[in-house]
1. Using bins 5 angstrom wide from zero, how does P(r) for segment 160-312 break down, in % of all Cα pairs?
2. Can you compute the label reach from A215? Point 7 Å from Cα along the Cβ direction, backbone N cut-off under 20 Å, restricted to segment 33-67.
3. Would you please put 208-216, 190-198 in order of how densely packed they are, using the mean number of other Cβ atoms within 10 angstrom per residue and starting with the highest?
4. Along segment 36-41, what does the Karplus equation 6.51 cos²θ - 1.76 cosθ + 1.60 (θ = phi - 60°) give for ³J(HN,Hα), rounded to whole Hz, x for Gly and Pro?
5. Check which residues have an amide H placed less than 5 Å from Q141's amide H, if you skip close sequence neighbours.
6. Mind ordering 169-182, 288-301, 73-86, 145-158 by average Cβ neighbours within 10 Å, highest first?
7. In the structure displayed, which of K257/K282; K159/K282; K138/K270 lie more than 31 Å apart, Cα to Cα?
Amino acid sequence: MYRSAGVAMAWNVFRFCTALRGLGSIMILLVLAIVGVTYYAVVLCNYGPALLTGGGTTLAALAVLLLFHFLLAMLLWSYFSVVLTDPGSVPPNWNLDFDAERGETAPLTSSEFSSQMNSQQSVALGNTANPRARYCRKCNQLKPPRCHHCSVCGRCVLKMDHHCVWVVNCVGALNYKYFLLFLFYTFLETTLVTLSLLPHFIAFFSDIEIPGSPAALATTFLTFVLNLAFSLSVFGFMIMHISLVSANTTTIEAYEKKTTPHWIYDLGRKRNFAQVFGNDRKYWFIPAYSEEDLRRIPALQGLDYPVSETRF
């Protein structure tokens, strides 16, 4: 009886993961559709025509349109950086001896690989002599620190945070910063749209005659509601990830470490921030890293992470 229930649960989970894989480009098209509707309502229906009225209204409309286009460009840049960037995969024959200076791992010989595989399997069975050593039974390979298996992608992902259906990709070591920037610019853009369309939304419930076609008015109303909803939800999501970055942890690790008194990767807020965004301030707000940061901060490569000296 219990075994049948377990099989049914595993089968349902498999179907769920398969469905997420099938979403694919549909979610990207949905995001672009929301952006298109928003662009139509803000630029073509409201603030574009306001440029022709003259006076202070023209200046206000120009300011809104300039900020709107800037934030939209940064949003799309960050979004497609998350979509197109591999979150990080385990290199073939990966071993625990990470070469921090070269930023890569040296391949194992067959005997060394077999030795570490046996060691990792013993850890999986309960030997915790080396807490860093982990083994993925699904991928049949060693797992670097902070690496987790994604059932949707069907592979191990370096410093996996979660699988995001909106970006049709895992969020991991190599694209986590891009994901955070996507949240940041989405919040700013949706807040701007909400505030700029608020007078038009209020006008719907007044006796004032509103110019425009019924389609334009309906699109404006829908755009305001959508952007208000996204602004509030993304704000909460962004606050959660700010707390994760400040503690140098991920969504998965935050759940796993509930019973852990000391988090060994917590280096202090400043160093924790650098583990995600780097040290070069010029790159903090764009989805890219400086070559210096990539060379000097191994954590940005997703394979090796410094630990706190006060962890014991």
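All of the numbers you see were taken from the coordinates with simple rules; none came from a lab. Remember, it's a predicted structure, so these values are computed and weren't measured experimentally. Quick reminder, even Gly has a Cβ in these numbers, built from the backbone with ideal geometry, and neighbours come from all protein chains shown.
1. Values per bin, smallest distances first: 1, 8, 14, 17, 15, 11, 9, 7, 6, 5, 4, 2, 1, 0.
2. 33-50, by backbone N distance to the label point.
3. Details: 208-216: 10.1, 190-198: 19.9.
Ranking, from highest mean packing down: 190-198, 208-216.
4. The phi angles translate into x, 5, 5, 4, 4, 5 Hz.
5. Amide H neighbours of Q141: C136.
6. On the way: 169-182: 25.4, 288-301: 16.3, 73-86: 18.4, 145-158: 20.2.
Packing order, densest peptide first, comes out as 169-182, 145-158, 73-86, 288-301.
7. Working: K257/K282 33 Å; K159/K282 24 Å; K138/K270 36 Å.
From the list (K257/K282; K159/K282; K138/K270), the Cα-Cα distance tops 31 Å for K257/K282; K138/K270.
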